[in-house]
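The values are calculated or read from the model by the stated rules, or taken from the named source; none is laboratory data. Bear in mind that the values here come from a model prediction, so they are computed numbers and not experimental data. Backbone-built Cβ (ideal geometry, glycine too); neighbour counts: all protein chains shown. For the accessible areas, the whole protein counts, side chains as well, though only heavy atoms, and no ligand, DNA or RNA atoms are used. Shrake-Rupley method; radii C 1.70, N 1.55, O 1.52, S 1.80 Å.
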Amino acid sequence: MAEARRDEDRYFDAEIQTMPLERLRALQEERLMRQLDRVWSAPVPFFRRKLEASGLKRADLRRLDDLAHVPTTLKAELRRSEEEFPPFGDYRGAPVSQCVRLGASTGTSGRPTLILWTRKDLAVDYAASSRGRWRWGLRPGMSLANAHPFGMNAGGWHFSHGIEGLGCLNIPSGPPVGEAHVADVVEVWRRLRPDMYRLFGNVSRTYSDAARARGLDPERDLNLTIAGDHPSEQYLMASSGLEALPLLGSACDERDGAHLAEDLAVVEVIDRHTGRALGHGERGNLVVSVLEKDNFLLRYDLEDIVRLNTSVCPCGETHRRLFYEGRVRDVVAVDGREILPIDVALVLYDVPEVSTPSAEYQVVRTKGTMTAVHVRVEYDPTQGVAPADLTRRIEVRFRERLQVPARIELVERGAAGRFAYKAARVVDE
Ligand SMILES: [Zn+2]
């Protein structure tokens, strides 16, 4: 009896998450056909134009496999559509009058695009969020403090609704905004001792430093332990952006890639030079077609680099797993190989002198052919390590792990430039 209850408790949505693959593909096909119908019936002029320009009529698209004929769409095209048909563009699946929330992409690679949600879109996103966070071990009755920002391009709304949808007590504490706020947050955490925290690198350090300054022990008094910043942590979650499906997947206890929500999105990994579909373990671009949402995108190429794990997972979930590797614009071509910041980080975490408590580094990209990966790495000269020896050991690790020559430039702690949320790991010089 107890055994059965544990099993029931294992998945957020057992029927969907353990659905046999043939049935899952049939479900995707049915849902995709509904979205394709809407391209012509709603209509969605942007997609209709693209499909017809490549010679496709609705009747040509009948099977899941036919999706491969649909041209991919880049963020720049959404931006252009918004410029030509202001303010929302002509790629929306639902009329603006039916939308209840606006968001904006972060705009790190150009003018931000606008995001719209209907009530149904929000419900789909929240359910995906709840499913993803259930895998963290969150269960109804537990409490969780998070420091997500709220606003137009913030995941705080989705995160919070997902947690609340699980039946957990959500403690939306926000990122630190001045001493008074930090003190208030620390005091609430002291009184509640949340079961779980969701903070980010520098944010968790700011809060725990403030707790210590008040004579508190973060772990004992707040139940707050600073999570490791190990680069492999980025393999535990997958997103396709607020504009597609924000929580595309999360890792189960196997911690071997993030189980995708394949009932809500068709996920492909393609070679960005040839468009060829890639299989198990091959790095390529993440391409997502959104199912079930009123505002949907077809074959949206996020210009993110990912890798699929198509092996059967011992946890019982059937949806494939995905590793998020980085962004296309952060690729550094060295000696015929494509290197991403995570490759560099994984090498540096083999060397404790430059990765304790965290590795801070920049990959320096230069124009023209690079014959060695140039990495600026922070180290602590007061710890008595000989720089020449340290440099040599790191360079050897690069050769061993990545089969590329490296040029290591050691700089003092704090010199490689940091940002509150995401450090710029690749700089062009
Ligand atoms: Zn699993």
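Within the shell defined by Cβ-Cβ distances under 12 Å, the residues around GLY167 carry a net charge of +1, with Lys and Arg each +1 and Asp and Glu each -1. Taking the protein heavy atoms of region 179-308 in the context of the full set of protein chains, the accessible area attributed to carbon and sulfur is 44 percent at 1.4 Å. Expressed as a whole percent, the accessible surface of region 1-81 that belongs to carbon and sulfur atoms is 51, based on a 1.4 Å probe. The eigenvalues of the Cα gyration tensor, multiplied by 5 and square-rooted, give the chain an equivalent ellipsoid with semi-axes of 36, 29, 22 Å from largest to smallest.
Dipole magnitude for region 8-52: computed about the Cα centre from +1 point charges on Lys and Arg Cβ and -1 point charges on Asp and Glu Cβ, it is near 460 debye. Highest average first, the peptides 296-309, 60-73, 25-38 ordered by how many other beta carbon atoms sit within 10 Å of their residues are 296-309, 25-38, 60-73.
Using a cutoff of 8 angstrom between alpha carbon atoms and counting only pairs six or more residues apart, the relative contact order for the chain works out to 13 percent. Rolling a 1.4 angstrom probe over the protein heavy atoms with all chains in place gives region 229-303 an accessible area of 32 Å² per residue. Rolling a 1.4 Å probe over the protein chains gives ARG327 an accessible area of about 70 Å². Taking the chain as the region of interest, the number of lysine pairs whose Cα atoms are within less than 29 Å, with members eight or more places apart or on different chains, is 12. The residue among MET152, TRP134, PRO194 whose Cα reaches farthest toward the positive pole of the charge dipole of region 104-215, with charges on the beta-carbon of Lys, Arg, Asp and Glu, is TRP134.
Hydrodynamic radius of region 168-278 by the Kirkwood approach over all distinct alpha-carbon pairs: 16.7 Å. Placing one equal scatterer on every Cα of region 72-195 and applying the Debye formula, the log10 ratio I(q)/I(0) at q = 0.19 Å⁻¹ is -1.07. Taking all protein chains as shown and a probe of 1.4 angstrom, ARG190 keeps an accessible surface of around 100 Å². For region 146-227, the orientation-averaged shadow of the C-alpha convex hull comes to 5.3 nm² (one quarter of the hull surface). Shape descriptor for region 263-312: Rg over Rh equals 1.00 (Cα atoms; Rh from the Kirkwood inverse mean 1/r).
The charge dipole of the chain, taken about its Cα centre with unit charges on the Cβ atoms of Lys, Arg (+1), Asp and Glu (-1) only, comes to about 640 debye. Considering only protein heavy atoms and a probe of 1.4 Å, how much of the accessible area of region 342-394 is carbon and sulfur, as a whole percent? For region 342-394, the apolar C and S fraction of the accessible surface comes to 55 percent.
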